[in-house]
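Colleague: Input: one structure, supplied below.
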Amino acid sequence: MSTEDISDVIIVGSGPAGLTAAIYTARANLNPKIIEGEPSSNSDQPGGQLMLTTEVENFPGFPDGILGPELMNKMRDQAIKFGAEFITKKVTKVELSGKIKRVWLSDAENTELKAHSVIVATGAKSLMLDIEGESRLLGYGVSTCATCDGFFFRNKLVGVVGGGDSALEEAIFLTKFATKVYIIHRRDSFRASKIMQKRAENHEKIEILWNTEVKRVNGDTNLDSVLLYNNALNKEYEFELNGLFVAIGHSPNTEIFKGQILMDENGYIVTTNGTKTNLDGVFACGDVQDHIYKQAITAAGSGCAAAIDAEKWLNSNFS
Amino acid sequence: MIQDLNENSFNELMITSVSPVLVEFWATWCQPCKAIAPILEEIDTTLSDRLTICKLDVDQNQAVALRYNVISIPTLILYKDGKEVKRVIGAVGKVELLKEFEQLI
């Protein structure tokens with residue numbers, strides 16, 4: 001094995017965390033390889049969760065807002081400008097405990113890549129409701145991507161499940177098409193930002209169903225109704241809906257790291273002293289290790305930190 | 001070369017094509033559709049002797065989308081002799097996509 005086959009750093013993931021780490025490690029002449037993921041309709045794709053959103057209004061530097069995909073494409077271009085190499089594949093398997101880190105790709109040949117250090121920035125994917133009928137009607141009324149599918153619900157009745165910023169943003173987006181948008185939320189208040197709450201609550205096409213859970217989705221070929229449960233009144237009822245958009249939160253993409261990188265009980269990677277994981281030379285940043293803030297800017301910040309931590313670690317171990 | 005279909009050329013292709021036809025239902029605003037475009041180009045290059053790949057903009061051709069009950073994009077439908085034989089809803093990677101369609105063409 002010749003040394004030129006071993007990269008200094010491999011970055012797994014390409015959301016704000018992975019791309020910021022890519023920009024910083026590229027500028028540090030570490031020639032990063034970024035395994036950016038593969039297309040998906042479940043916020044688990046190259047560019048990360050922001051690829052399925054519309055306007056991003058809280059990323060500093062863009063007073064008029066910027067479209068999520070545009071922001072991510074700019075970050076990617078910035079990383080390429082400094083020499084980062086992108087691979088549009090998923091990682092299927094890793095071996096990270098040894099001195100040489102090994103990573104396998106989702107191509108037909110199961111290509112193996114080697115590196116001295118790895119930055120994990122695999123983010124999180126949308127959670128599904130896990131109820132009867134959901135997988136059968138996915139793509140036939142049940143959707144994980146409002147920006148993709150909202151168009152098909154012109155003059156229809158749609159529901160959005162969730163109470164965070166993503167749910168409220170989707171609901172507001174869907175008012176462009178739907179006759180009425182019901183936000184279905186299991187609690188009696190939102191955890192979304194105040195500005196989004198106000199916009200949703202004041203919107204004439206939006207109605208909020210508080211303390212309400214979706215128990216089942218019904219329909220033969222297409223969704224036509226849902227079974228709702230009001231947990232304050234302890235009452236179930238059928239409710240007519242043509243579309244149901246699920247935005248109930250995310251779970252970290254850490255399956256491939258199980259048994260190697262230390263995680264908490266919810267599957268988030270545990271980091272200490274900045275972005276260090278339990279494994280020497282393996283760093284983690286962004287939503288994969290953050291269940292508290294989950295913002296593009298905090299992900300980008302931790303991506304920067306991971307790049308600096310990796311660079312320092314490489315300098316003290318390989319120079 | 002992936003052909004951009006409209007309702008007329010879609011109908012015509014269903015009648016005339018001797019090879020199986022894979023149609024991507026897509027739209028300009030759909031990010032996952034953009035993401036799979038290079039994969040479809042690659043498959044089109046390698047399998048052009050066995051498969052015709054086309055795309056259909058649902059925004060411009062709502063009647064076709066309605067006829068096939070496409071209400072989520074991207075949706076990929078494989079047609080043989082004008083009949084649907086396989087459907088994949090949502091964006092997936094190349095290896096996974098080939099696994100879905102390769103044995104049918």
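Every number in this text was worked out from the coordinates using simple rules, so none of it is lab data. Predicted, not measured: the structure shown is a model, and the values here were computed from it. Reconstructed Cβ throughout: ideal geometry from the backbone, glycine too, with neighbour counts over all protein chains shown.
Colleague: How big is D for chain B, in µm² s⁻¹ as a whole number, if Stokes-Einstein is applied with the Kirkwood radius of its Cα pairs at 4 °C and 1.567 mPa s?
Modeller: Numbers: Rh = 13.5 Å.
Here the translational diffusion coefficient equals 96 µm²/s.
Colleague: Can you say what percent of the DSSP beta bridges in chain B, counting only those with both residues inside, are antiparallel? Round to 5.
Modeller: Working: 11 of 20 bridges.
Taking every DSSP beta bridge with both residues in chain B, the antiparallel ones total about 55 percent.
Colleague: Then there's this: At a Förster distance of 41 Å, what's the computed FRET efficiency of A:Asp5 paired with A:His291, Cβ-Cβ distance as r, to 0.05? Intermediate values should be presented prior to the final figure.
Modeller: On the way: r = 36 Å, r/R0 = 0.89.
Computed FRET efficiency for A:Asp5 and A:His291 comes out at 0.65.
Colleague: Can I ask one more? How far is helix A:296-318 tilted, in degrees, relative to the longest principal axis of the Cα atoms in chain A, given as a value from 0 to 90 rounded to the nearest 10?
Modeller: 20
Colleague: So if I place +1 on the C-beta of Lys and Arg and -1 on the C-beta of Asp and Glu, and nothing else carries charge, what would the dipole magnitude of region B:3-104 be about its Cα centre? I want it in debye, nearest 20.
Modeller: Computed charge dipole of region B:3-104: roughly 300 debye.
Colleague: With only Lys, Arg, Asp and Glu charged, each at its Cβ (+1 for the first two, -1 for the last two), find how big the charge dipole of the protein assembly as shown is about the Cα centre; round to the nearest 20 debye. Walk me through the numbers on the way to the answer.
Modeller: Working: 42 positive and 56 negative charges, 122 e Å.
Computed charge dipole of the protein assembly as shown: roughly 580 debye.
Colleague: Now for a separate question. If you find the alpha carbon centre of region A:131-196 and of region B:52-105, how far apart are they in angstrom?
Modeller: 25
Colleague: Going by C-beta contacts inside 10 Å, put A:Arg187, A:Arg216 in order with the fewest on the left.
Modeller: Fewest to most other Cβ atoms nearby, the residues stand as A:Arg187, A:Arg216.
Colleague: Now, a different point. What residue among A:Ala300, A:Asn222, B:Val21 has its Cα farthest toward the positive end of the dipole of the protein assembly as shown, where the charges are +1 on Lys, Arg and -1 on Asp, Glu, each on the Cβ?
Modeller: A:Ala300
Colleague: Please give the direction-averaged projected area of the C-alpha convex hull for region A:142-246, in square nanometres with one decimal. Please report the intermediate quantities before stating the final value.
Modeller: Numbers: hull surface 24.1 nm².
Dividing the Cα hull surface by four gives the mean projection, 6.0 nm².
Colleague: Okay, next question. Mind listing which trypsin sites (Lys or Arg not before Pro) in region B:3-79 are in a DSSP loop and have 11 or fewer other Cβ atoms within 10 Å? Spell out each step's value before the answer.
Modeller: Working: sites: B:Lys34, B:Arg50, B:Lys55, B:Arg67; in loops: B:Arg50.
Listed in order of number, the matching sites are B:Arg50.
Colleague: Set the Förster distance to 56 Å, then compute FRET efficiency between A:Asn273 and B:Leu66 from the Cβ-Cβ distance, nearest 0.05.
Modeller: Working: r = 57 Å, r/R0 = 1.01.
Step by step, r from the Cβ atoms, then E = 0.50.
Colleague: Ok, one more. Within region A:130-172, report the trypsin sites (Lys or Arg not before Pro) that DSSP leaves as loop and that have at most 14 other Cβ atoms within 10 Å.
Modeller: Values: sites: A:Arg136, A:Arg154, A:Lys156; in loops: A:Arg154, A:Lys156.
Qualifying residues, ordered by number: A:Arg154.
Colleague: Separate question: Which of A:His116, A:His291, A:His185 has the fewest other C-beta atoms within 10 Å, and how do the rest follow up to the most?
Modeller: Values: A:His116 20, A:His291 16, A:His185 24.
Ranking A:His116, A:His291, A:His185 by Cβ neighbours within 10 Å, fewest first, gives A:His291, A:His116, A:His185.
Colleague: Right, here's the next one. Fewest first, what order do A:Ile100, B:Ile73, B:Ile105, B:Ile53 take by the number of other Cβ atoms within 10 Å?
Modeller: Values: A:Ile100 13, B:Ile73 28, B:Ile105 17, B:Ile53 21.
Placing the least packed residue first, the sequence is A:Ile100, B:Ile105, B:Ile53, B:Ile73.
Colleague: Still on this structure, I have one more. To one decimal place, what Kirkwood hydrodynamic radius in Å is obtained for region A:66-177 from all pairs of distinct Cα atoms? It would help to have the intermediate numbers written out before the result.
Modeller: Working: mean 1/r = 0.0557 Å⁻¹.
Taking the inverse mean of 1/r over all distinct Cα pairs, region A:66-177 comes out at 18.0 Å.
Colleague: What angle do you read, to the nearest 10 degrees and between 0 and 90, between the alpha-carbon axis of helix A:68-81 and the longest principal axis of chain A?
Modeller: Rounded to the nearest ten degrees, it is 10.
Colleague: Report the one residue of A:Ala200, B:Ala65, A:Ser189 whose Cα lies farthest in the direction of the positive end of the charge dipole of the protein assembly as shown (charges on C-beta: Lys and Arg +1, Asp and Glu -1; origin at the Cα centre).
Modeller: A:Ser189
Colleague: For region A:237-316 and region A:46-81, what is the separation of their C-alpha centers, rounded to whole Å?
Modeller: Computed from Cα coordinates, the inter-centre distance equals 19 Å.
Colleague: For A:Lys101, give me every one of the lysines with a C-alpha distance below 19 angstrom, ignoring sequence neighbours fewer than eight places off in its own chain.
Modeller: List returned: A:Lys33, A:Lys89, A:Lys90, A:Lys93, A:Lys114, A:Lys258, A:Lys276, A:Lys312.
Colleague: Step by step: find N for region A:226-319, compute 2.2 N^0.38 Å, then divide the Cα radius of gyration by it. What's the final number? Write down the numbers at each step before the final one.
Modeller: On the way: Rg = 19.8 Å, N = 94, 2.2 N^0.38 = 12.4 Å.
Here the Cα radius of gyration is 1.60 times the empirical estimate.
Colleague: Compactness ratio of chain A: Cα Rg over 2.2 N^0.38 Å, N = residue count? Display every interim value, and only then the final one.
Modeller: Working: Rg = 21.1 Å, N = 319, 2.2 N^0.38 = 19.7 Å.
Working it through for chain A, the quotient is 1.07.
Colleague: Something else: Provide the net charge surrounding A:Tyr293, with neighbours chosen by a C-beta distance below 15 Å and charges set as Lys +1, Arg +1, Asp -1, Glu -1. All intermediate terms of the calculation are to be shown ahead of the outcome.
Modeller: On the way: positive: A:Arg191, A:Lys294; negative: A:Asp165, A:Asp287, A:Asp290.
Computed value for this residue: -1.
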